[in-house]
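Inspection log for the structure reproduced underneath, given as structure tokens.
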Amino acid sequence: MLIMMYWELNEDMPAEERLEVAGKLMESGMFPPEGADVVGWWGTPDNWGILLVEAETAEAAFDSLNTWRTAGAGFFTFTKTAPAMKVEDSIAHGAELMKKMAEA
């Protein structure tokens with residue numbers, strides 16, 4: 001399942017601490033978690049971004065952000081996580097759903 005995660009870093013956390021948390025997770029191999037493959041990971045100069053993960057299980061999706069929270073309390077100020085699909089696929093899926101509803 002494709003999972004999109006929007007995140008905002010906690011700017012009240014010192015940059016040194018954020019880098020320490022990131023180094024710990026990357027060096028330990030805890031990120032990405034088992035069962036999750038990073039499809040894309042983008043960040044902005046304003047300390048927000050998205051993580052796109054192909055997760056084998058709900059636990060792998062859950063752990064994709066929670067490993068960061070566990071490694072550094074307060075790492076994020078805001079996150080949003082949801083299943084995702086390509087827009088062109090969602091349009092086709094929506095059209096099919098509307099057709100089924102019209103036939104019901």
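The values are calculated or read from the model by the stated rules, or taken from the named source; none is laboratory data. Since we're looking at a predicted model, the values are computed, not measured. Cβ placement follows ideal geometry from the backbone for every residue including glycine, while neighbour counts extend to all protein chains displayed.
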All-but-one check, residue 95 against (1) over 17 Å from residue 33 (Cβ atoms); (2) at pLDDT 95 or above, failing number (2)
Of the criteria (1) under 15 Å from residue 81 (Cβ atoms); (2) surrounded by fewer than 11 Cβ atoms within 10 Å (Cβ to Cβ), which one residue 14 fails: (1)
Residue hits (region 39-86; farther than 23 Å from residue 17 by Cβ, among the β-branched types (Val, Ile, Thr) and assigned to a loop (DSSP other than H, G, I, E, B)) are 57
Among (1) loosely packed, with under 12 Cβ neighbours inside 10 Å; (2) among the small types (Gly, Ala, Ser); (3) part of a strand (DSSP E or B), where does residue 102 come up short? (3)
Taking the conditions exactly as written (within 15 Å of the chain's Cα centre (by Cα), among the acidic types (Asp, Glu) and within 14 Å of residue 78 (Cα to Cα)), does residue 8 satisfy them or not? yes
